[in-house]
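The values are calculated or read from the model by the stated rules, or taken from the named source; none is laboratory data. All figures in this text were calculated on a predicted structure; none of them were measured in a lab. Every residue, glycine as well, gets a Cβ built from its backbone with ideal geometry; the counts of neighbours run over all protein chains shown. When the accessible area is computed, the model is the full protein with side chains, heavy atoms only, and any ligands, DNA or RNA have been set aside. Shrake-Rupley method; radii C 1.70, N 1.55, O 1.52, S 1.80 Å.
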Amino acid sequence: RDVGPWLILGLCLLLLPLSLPRVALSDEVQYYAYLRSLYFDGDLDFRNEYTYFAEQRLALGDTAVRDALLREDANNPNPQTGLLRNVAPVGSAIMWAPGFVLADGFVLAANALGAAIPRDGYARPYVVGVCMMTALYTTLGLLLTYRLARRYVGDFAATVATLTVFLASPLVFYTYIAMPWSHANGFFLFALFLTLWMRHWGRPGERGLGLWLLLGLVGGLMVMTREQLGLLLIIPALEALGQYAGLLRRGAWPAAARQLGRHLAFLAALALAVTPQLLAYQILNGRPAPSSTVGDKFRFLELGPLPILLSPNFLNTLIDPGRGAFLWAPVIALGLVGLIWLGRKDAWLAALLLVGFLAQTYINGAFGTTWHLRRAFGFRRLIECTPIFVLGLAAAVEWLRPRLGSWPILAAAALLIYWNVGLIAQWTFLRPAIRDELIWGDMLRWQFVEVPRQVAGRLWSVVFDRCGLLPHQSC
């Protein structure tokens, strides 16, 4: 009887015609290159993929892909393997594979009927197939997140929280505008992991061996999609430690042994699931580890044989005036505050979710030179924490509704969404200077005066020629 799932599904379908399915930026090319190269060439030599997309961008006057992916230096190509660098993990290619294969089938069928679509992995159907998988995973992730919220709140609060976080955070941008990125895939996988894990929340002993194996596979795919998502596994790890402490305190040794066996099976499934990533690293880098380009971004404190990863930009990640996540998307801060009200219903879960978020923030703050994600829209590295924000915001809305009524809550949600939509308009085509950082001097005038006026003046292009609004872009 809930209307929330139908509203979520309807909104996602309504926004789909406004999407921009294309592969244009260097990160997008690296994610996509895995899929195209493995499917058509059977290798991880990305020179032809990089060259194709670099030439596309050069024709539009954009040198970024060439400079990022084809420029040679001491580590590119890799001196051990002779292969060009790819710092993207392989998980997104695995997630997109069904759409890519369907697109290839469409090309074969269309050509059999007389069409002349190049069957090369670059043609429009392949790119659209991959990008539509991104939109699908966001939709599924939102539905799963809504169901998680419904465990604690009613339909109204779960629906408002899910849609508000979606539309008022960078997730909507990386679903419909910058489509071939890993964030929507990672969000879906974390929502799926939480859904499976919470099936027996509060009764961890009832999770059978099969469920733990499935959790290991999903967790491994999370890690292969974005390595930093492995830190979200601290949530079930802390739950397990608490359970062991209780079992051992009661002297329940047989139950502790059974649980240990299940957890070892989880770790085995996790290790098995990440094998494709380790193999890719070995082939590309000559070792089962990421490129040194990634590792060199971190800073460590050397204390004996065990170095400690520092996070000097932990607070900047959240509150830096130009790049802080809370300023780009205030709904994130509200979702975290809402964990207080979730804690009144389930203190242990709220604490674990907060720790998971802090772990993601810590690793983001550990990036020495790229923590700010300058030129990106918002703080995209926290998108995968969307279920945490939704659960917190839903609990807050459930508490506020009897005290304020529904309309003030809906008005606040609309304001949060408008803030994000205004920033998207500025970032994409009205005021590209904010790609470096938020410009606060005249931000309110731009958000509430310039954005409505200029968007209204370009409404035809916004609806029917969005790529034409962007510099160096083509669909």
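Scanning region 115-126 for residues that are free of Cβ contacts under 8 Å to residues at least 40 places away in the same chain and of a type in the set (Phe, Trp, Tyr) turns up nothing. Out of Val355, Val390, one residue alone is among the β-branched types (Val, Ile, Thr), open to solvent by 20 Å² or more (accessible area, probe 1.4 Å) and under 24 Å from Thr138 (Cα atoms). It is Val355.
Taking the conditions (1) buried (at least 19 other Cβ atoms within 10 Å of the Cβ); (2) at pLDDT below 95; (3) in contact with an Asp or Glu (Cβ under 9 Å, 6 or more places away or on another chain); (4) within 19 Å of Val294 (Cβ to Cβ) in turn, Leu25 satisfies each one other than (3).
Put simply, of Phe166, Phe193, Phe187 the only residue that is buried (at least 23 other Cβ atoms within 10 Å of the Cβ) and without any contact (Cβ under 8 Å) to a residue 40 or more places away in the chain is Phe193.
Residues checked against (1) open to solvent by 30 Å² or more (accessible area, probe 1.4 Å); (2) closer than 16 Å to Phe166 by Cβ; (3) not charged (D, E, K, R):
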{"position": "Gly405", "(1), (2), (3)": "no, no, yes"}
{"position": "Pro408", "(1), (2), (3)": "yes, no, yes"}
{"position": "Ala413", "(1), (2), (3)": "no, yes, yes"}
{"position": "Val421", "(1), (2), (3)": "yes, yes, yes"}
{"position": "Ala425", "(1), (2), (3)": "no, no, yes"}
{"position": "Pro432", "(1), (2), (3)": "yes, no, yes"}
{"position": "Val455", "(1), (2), (3)": "yes, no, yes"}
{"position": "Leu459", "(1), (2), (3)": "yes, no, yes"}
{"position": "Asp465", "(1), (2), (3)": "yes, no, no"}
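For region 240-344, the helices (runs of 4 or more DSSP H) that sit wholly inside it and include 1 or more residues that are closer than 30 Å to Phe46 by Cβ are 253-273, 275-285, 292-295. Of all the numbered requirements in (1) touching a residue at least 60 places away in the same chain (Cβ under 8 Å); (2) open to solvent by less than 20 Å² (accessible area, probe 1.4 Å), Arg226 misses one, and that requirement is (2). Would you be able to say whether some residue in region 90-105 is at pLDDT 95 or above, of a type outside the set (Phe, Trp, Tyr), open to solvent by less than 50 Å² (accessible area, probe 1.4 Å) and not in a helix (DSSP H, G or I)? Yes: one or more hits. Is it the case that region 182-197 has a residue that's touching a Phe, Trp or Tyr at 6+ places or on another chain (Cβ under 7 Å), at pLDDT 95 or above and part of a loop (DSSP other than H, G, I, E, B)? Taking every residue of region 182-197 in turn, at least one turns out to be touching a Phe, Trp or Tyr at 6+ places or on another chain (Cβ under 7 Å), at pLDDT 95 or above and part of a loop (DSSP other than H, G, I, E, B). For beta carbons closer than 7 Å, sequence separation of 6+ or different chains, a first residue in region 256-275 that is farther than 18 Å from Ala245 by Cβ and a second that is among the β-branched types (Val, Ile, Thr) and surrounded by 13 or more Cβ atoms within 10 Å (Cβ to Cβ), the qualifying pairs are Val274/Val223.
Taken over region 45-60, the residue count meeting the criterion of being open to solvent by 50 Å² or more (accessible area, probe 1.4 Å) and either in a helix (DSSP H, G or I) or on the phi > 0 side of the Ramachandran plot (or both) is 6. Taking the numbered list (1) more than 12 Å from Phe389 (Cα to Cα); (2) among the hydroxyl-bearing types (Ser, Thr, Tyr); (3) crowded, with 23+ Cβ neighbours inside 10 Å in turn, Tyr146 passes all entries but (1). Selection of region 127-143 for residues being open to solvent by 10 Å² or more (accessible area, probe 1.4 Å), β-branched (Val, Ile, Thr) and closer than 27 Å to Asp346 by Cβ yields only Thr139. Of the helices (runs of 4 or more DSSP H) lying entirely inside region 387-475, the ones with 2 or more residues being closer than 18 Å to Tyr174 by Cβ are found at 406-425, 466-469.
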